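A quick write-up on the structure given underneath.
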Amino acid sequence: MTGMTAQMVFLAFFGVAAVWFGIVVFRTRSMVRSALALLFSQTAIGVMFLVMQAEFLGVLQIMMMATEMSVMAIFMVMFMMDPGGMGEMNMTHQKRLSLWVGGIGLLAALAVVLLPDWGLVATSVPSAQAQAEDLGRELLSRSMLIFQSAGLTILTAMVAATMVAIVPNAEQRK
Amino acid sequence: MTILIVLLSLAAGAYFLAVIERWAVHGHLSLSGPAWAALALLGRESVLARKPDRLFFETGPVLLLVAGLMAAAVIPLAPGLIITDLATGALFLNAALAYVLVALIMAGWGPNGAYSMIAGWRFLGQFIAYAMLIVMPITAVAMRAESLSTTVIVTSQAQLWNALYQPIGFVLFVIAAIGLAWLPPLDLPDATGELAGGVEAEYTGVRLAVLRLGRLVVILALAGATVTFYLGGWLGPWLPPAAWSAIKTLIVAALMLSAGRYLPRIREERYLALSWKLGVSLALANIFLVGVIALVVPI
C-alpha cells in the first residue's frame, strides 16, 4: 500500500511539474528558455512513464526530447528576432485564436480521458524486459505501417526545414 | 554500499583522467597537479558576466555532472557491482548522455558571451554528427545480446568480444564517443585557441571546477560504456572482475585522451559530412552484418 501511495505522490509531483514547465514555455520571453522549458515539461512526462513502470517508454521519452528540443531551440534562435528576450519584444500573436484553439484542444483531451470506457486497469505490470520485447513485436507487426509513415513524414519536414533555413543565404550570394 | 563503491571508483578514475589529460595537453606528467589545480579553482573568485541568464549559467555545469553520473549508473564494474541494472540500460545510457548536449547549450547560452554561445551551438552541430553513431552501433550490440541490459550485454561477450565480433561498430562508437566528450581532435566546440575555451570561457572558480569534473565523469562514463559494449566489461582471466573493468576503462579513457596528441583537429562541418555520408552508411551495414552473423553463426 505504501508503495502505491508513493507512486501516486511522485506521479502527481511530476504531473504538476510537467504542467508548470508547460506554462513557463509561454511566460518567458527568451526563446532558449522557452525551448528548454518545453524539454523539461516533456522530461517530466518521461519520468511519469517511469513512475508508472513503463520503463522503455519513459527512457525513450527522456532521451528523444533532449535532442529534439535542443534542435528546436536553435531553430527558434535562428528565426526569431529577439531570441534572448532581452529586447522586451512581445513574441505572441493571434491571441484570441490561440485561446480558442487551446481551449477546444483542452476540452477534446478531457473528453478523450473521461468519456470512453477504458475497461479494466491493468492489475499486473509485465517486467521491463517483457515490455521492451512486446513493444518490438508491436512495432514490427501491426503498427509498422503507422510508424514507417510517421518516420517518412518527419524526414520530409526535416528536409523542408533545412531548405527554409538555407534559401536566404543562397540568394544573398547572387 | 554499491553506490558508494561506484562513486569512489568514479572519483578515483576522474582524478587519473585529470592526470592523463594534463599530460596530453601540457606534455608533463604530474600526479599532484590536478589536486593543486582543483584547490586553486575552489579558492578563486567566481566572476559573473554582466547580464547572464543566471538560471542556465548555474544549472549548466551541474546538469553536465548529473548527466555523467546518470550514465555511469548503468555501467557494471563487476557482477552485481552496478548502481542500477535497468532492463533498458543501454537506452538509458543514451538518454543520460543526451543531456550533455542540453547542459552545454545552457552553459554556452547562460553567460551571455559571444564565445561561449558560439561554442554551445557549435556543440549542437557536432551532436548532429555523432548522435546517430552512438545509437546505431549500440543497436547492433543489443541485437547480439538480445537485451538492452548492460550486464547481459557483457555476459553475451563471453565467447568473443564485440570489438572483434563487430569491429565496424566499435570504431564508429569510439569516434562518436570522442565527439560526444568534445575531446581533441573533435574539440572545436571547446576551441581553446579560437574561442578562448568555448563553453568554459566565462566560467571561473567553483563553477569551472564543477564543469571540468562533469566533463571528466562524462569521459569516464563513455570509456566505461566502450568497455561494457565492446571489450567484454569485467570479463578476463586471473584478476578479479572489478580489476578488469578498472584496467580496461582507464586504458580506453587514456587512449581517447591521447588521440588528440597525434591527430590533427577536424572542422565540424567536415566531421558532420563524414559522419552522415560514411558513418551512417557503415553503421547501417554493421547492423545488417551483425544481424546476418547472429542468425547464421550464433556465438
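Read the figures in this text as sums done on the coordinates, not as results from a lab. Being a predicted model, the structure only gives us computed values, none of them experimental. Glycine also receives a Cβ, built like all others from the backbone with ideal geometry; neighbour counts cover every protein chain displayed.
Classify the protein assembly as shown: rounded, prolate or oblate, from the alpha-carbon gyration tensor (a ≥ b ≥ c, eigenvalue square roots; a/c under 1.5 rounded; otherwise prolate if a/b is larger than b/c)?
Numbers: a/c = 1.43, a/b = 1.09, b/c = 1.32.
It comes out rounded by the Cα gyration axes.
Among A:Val24, B:Val218, rank each residue by its count of other Cβ atoms within 10 Å, from fewest to most, as a rough exposure measure. Don't skip to the end; give the middle numbers.
Numbers: A:Val24 16, B:Val218 26.
So the residues, fewest neighbours to most, are A:Val24, B:Val218.
Can you give me the Rg/Rh ratio for chain B, using Cα atoms for both radii and the Kirkwood formula for Rh?
Details: Rg = 18.9 Å, Rh = 19.5 Å.
A ratio of 0.97.
Write down the radius of gyration of segment A:1-84 and its Dmax, each obtained from C-alpha positions, in Å.
14.7, 53
Tell me which of B:Val210, B:Asn286, A:Leu139 sits at the most positive position along the dipole axis of the protein assembly as shown, charges placed on C-beta atoms (Lys, Arg +1; Asp, Glu -1).
The one lying farthest along the dipole's positive direction is B:Val210.
Can you list the GluC sites (Glu not before Pro) in segment B:133-236 that are in a DSSP coil and have 15 or fewer other beta carbons within 10 angstrom? Provide the component values of the computation, followed by the final result.
Working: sites: B:Glu146, B:Glu194, B:Glu200, B:Glu202; in loops: B:Glu146, B:Glu194, B:Glu202.
Sites meeting the loop and neighbour criteria: B:Glu146, B:Glu194.
Starting from the Cα gyration tensor of segment B:45-97, take the square roots of the eigenvalues, sort them a ≥ b ≥ c, and report rounded, prolate or oblate (rounded when a/c is under 1.5, otherwise prolate if a/b is larger than b/c, else oblate). It would help to have the intermediate numbers written out before the result.
Numbers: a/c = 5.86, a/b = 2.85, b/c = 2.05.
Because a/c hits 1.5 or more and a/b exceeds b/c, segment B:45-97 counts as prolate.
Cut-off is 10 Å between beta-carbons; in what order do A:Met89, B:Met132 appear when sorted fewest neighbours first? Display every interim value, and only then the final one.
On the way: A:Met89 11, B:Met132 17.
Taking fewest neighbouring Cβ atoms as first place, the list is A:Met89, B:Met132.
Just how far, in whole angstrom, is segment B:221-272 from segment B:119-193 if you go by their alpha carbon centroids?
10 Å
Please compute the average number of Cβ atoms from other chains found within 10 Å of each residue's Cβ in peptide A:54-61. If you can, show how the numbers build up before the last one.
Values: counts 0, 6, 6, 1, 4, 12, 5, 1.
Mean partner shielding for this stretch: 4.
Which order do B:Thr2, A:Thr162 fall in if you start with the one that has the fewest other Cβ atoms within 10 Å?
On the way: B:Thr2 13, A:Thr162 10.
The most exposed by this proxy come first: A:Thr162, B:Thr2.
Consider just the alpha-carbon atoms of chain A and return their Rg together with their Dmax, both in angstrom.
Rg then Dmax for chain A, in Å: 20.1, 71.
How many nm is it between the label spots at B:Ile251 and B:Leu31, if each spot is 7 Å from the Cα in line with the beta carbon?
Result: 2.2 nm between the two label points.
Rounded to the nearest 500, what is chain B's calculated 222 nm mean residue ellipticity when only DSSP H runs of at least 4 contribute -39500 (n - 2.57) each, over all residues?
Working: 12 runs with 205 residues, N = 299.
Roughly -23000 deg cm²/dmol at 222 nm, from the helical runs in chain B.
Let a ≥ b ≥ c be the square roots of the eigenvalues of the Cα gyration tensor of segment B:143-299; is it rounded (a/c under 1.5), or, if not, prolate (a/b larger than b/c) or oblate? Please report the intermediate quantities before stating the final value.
On the way: a/c = 2.65, a/b = 1.48, b/c = 1.79.
Oblate.
Restricting to Cα atoms and excluding each atom paired with itself, what does the Kirkwood estimate give for segment B:202-281 in Å?
Working: mean 1/r = 0.0660 Å⁻¹.
Kirkwood hydrodynamic radius for segment B:202-281: 15.1 Å.
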